[in-house]
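Please read the structure below before turning to the comments.
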Amino acid sequence: AVTTLADELNAKKREYDAAVGAMHEVIKAQPRNGGARFAAGMMLVEAGKLDAAAAEIEAMKKAVPQDLRSRYLEALVLFRRNEPAKAKEALAPVLKAAPDHTPSLVLDGAIDYLLGQFGTAENALRRALARQPQNAYARSLLAGTYLRLGQPDKAEEYYQKAIGIVRKALEIDETLGEAHASMALLVQDRDWDLAGAEREYQRALELSPHY
């Protein structure tokens with residue numbers, strides 16, 4: 001049988017719903033299980049259910065107030081809602097406690113990029129890539145950062161590497177929403193191909209609604 005995009009999306013939705021349901025069963029039995037609460041919140045963000053994720057975060061803060069993963073999730077939700085200043089504030093205690101946490105460094109760089117604070121974005125993204133060189137999203141953001149800092153040669157170097165990583169990822173799995181989002185950023189910034197960028201963004205949204 002031929003598998004369509006709708007089939008793929010429905011299958012992913014069923015997987016997410018089942019996984020979130022399983023985490024809620026764990027939480028019901030162990031209300032202070034921070035790992036299960038974080039996993040449930042992250043899956044809701046990935047599914048684009050930001051209101052439900054926000055409610056999950058508030059419940060996590062009350063149940064395990066010392067667990068800073070709730071603040072990371074809060075920052076991620078605020079970033080997805082295009083509230084970068086609030087996201088920056090929410091993320092600050094996470095980076096203070098764990099300054100080398102790679103996902104937080106990438107998110108911090110993305111927030112600064114959105115705020116137009118390209119100097120601090122460069123620092124966060126370089127630190128993230130030192131720990132996770134194959135992170136195409138961070139690499140594409142850093143390329144855009146260098147372009148806006150007036151360093152086109154450095155930008156091109158990072159663009160080329162990011163494009164290679166994204167193409168390889170999509171050859172392995174064409175349904176990776178993050179890879180399509182990274183490609184959209186690359187073709188928009190590097191090639192000024194707005195139509196191509198829009199296609200990639202739409203594909204990313206189909207596969208991962210949180211974009």
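The values are calculated or read from the model by the stated rules, or taken from the named source; none is laboratory data. Just so it is clear, the model here is predicted, and its values are computed rather than measured. Cβ sites come from the backbone with ideal geometry, for glycine too, and all protein chains shown count toward neighbours. Only protein heavy atoms, including side chains, enter the accessible area calculation; ligands, DNA and RNA are left aside. Shrake-Rupley method; radii C 1.70, N 1.55, O 1.52, S 1.80 Å.
The residues of the chain expose, per residue, 51 Å² of accessible area to a 1.4 Å probe. On alpha carbon coordinates alone, what is the Rg over Rh value for the chain, Rh being the Kirkwood radius? Value, to two decimals: 0.99. Starting from a Cα-only point model with no solvent, please compute log10 I(q)/I(0) by Debye for region 58-130 at q = 0.26, 0.28 1/Å. Each listed q maps to, in turn, -1.17, -1.28.
Hey, quick one: spin label on Arg131, modelled 7 Å out along Cα-Cβ, who in region 77-100 has an amide N within reach, i.e. under 12 Å? Counting only backbone N, you get 94-100.
Pairs from the table (Lys61/Lys161; Lys88/Lys168; Lys62/Lys86; Lys96/Lys168; Lys62/Lys96; Lys49/Lys154) lying more than 30 angstrom apart at Cα are Lys61/Lys161; Lys88/Lys168; Lys96/Lys168; Lys49/Lys154. I'd like the distance between the alpha-carbon centres of region 128-145 and region 47-73, rounded to an integer number of Å. When both Cα centres are located, 26 Å separates them. Shown is the FRET efficiency for Glu157 and Arg199, computed with R0 = 22 Å from the Cβ-Cβ distance and rounded to the nearest 0.05: 0.30.
Structure remark: mean-square fluctuation, Gaussian network model of the chain, C-alpha springs under 10 Å; the largest value among Ala18, Ala53, Ala36 belongs to Ala18. In nm, give the distance between the simple-model label positions of Asp100 and Lys28, each being 7 Å from the Cα along the Cα-to-Cβ direction. With each label placed 7 Å out from Cα toward Cβ, I get 4.1 nm. On the basis of the beta-carbon distance and an R0 of 35 Å, Ile172 and Gln66 show a calculated FRET efficiency of 0.35.
Quick check on packing: order 28-35, 66-73 by the mean number of other C-beta atoms within 10 Å, highest mean leading. Before the final figure, lay out each step's value.
Numbers: 28-35: 13.2, 66-73: 19.9.
Result, highest mean first: 66-73, 28-35.
In the chain, the DSSP-assigned H stretches of four residues or longer account for a calculated mean residue ellipticity at 222 nm of -26500 deg cm²/dmol, using -39500 (n - 2.57) per stretch and the full residue count as denominator.
Rounded to the nearest 20, the size of the Cβ-charge dipole of region 134-188 about its Cα centre is 180 debye, with Lys and Arg at +1 and Asp and Glu at -1. Expressed as a whole percent, the accessible surface of the chain that belongs to carbon and sulfur atoms is 55, based on a 1.4 Å probe. Using a Gaussian network model of the chain in which every pair of alpha carbons under 10 angstrom is joined by a spring, one finds that among Ala55, Ala39, Ala136 the greatest mean-square fluctuation is at Ala55.
Here each label is just a point 7 Å from Cα along the line to Cβ, and for Ala85 and Arg148 those points are 1.7 nm apart.
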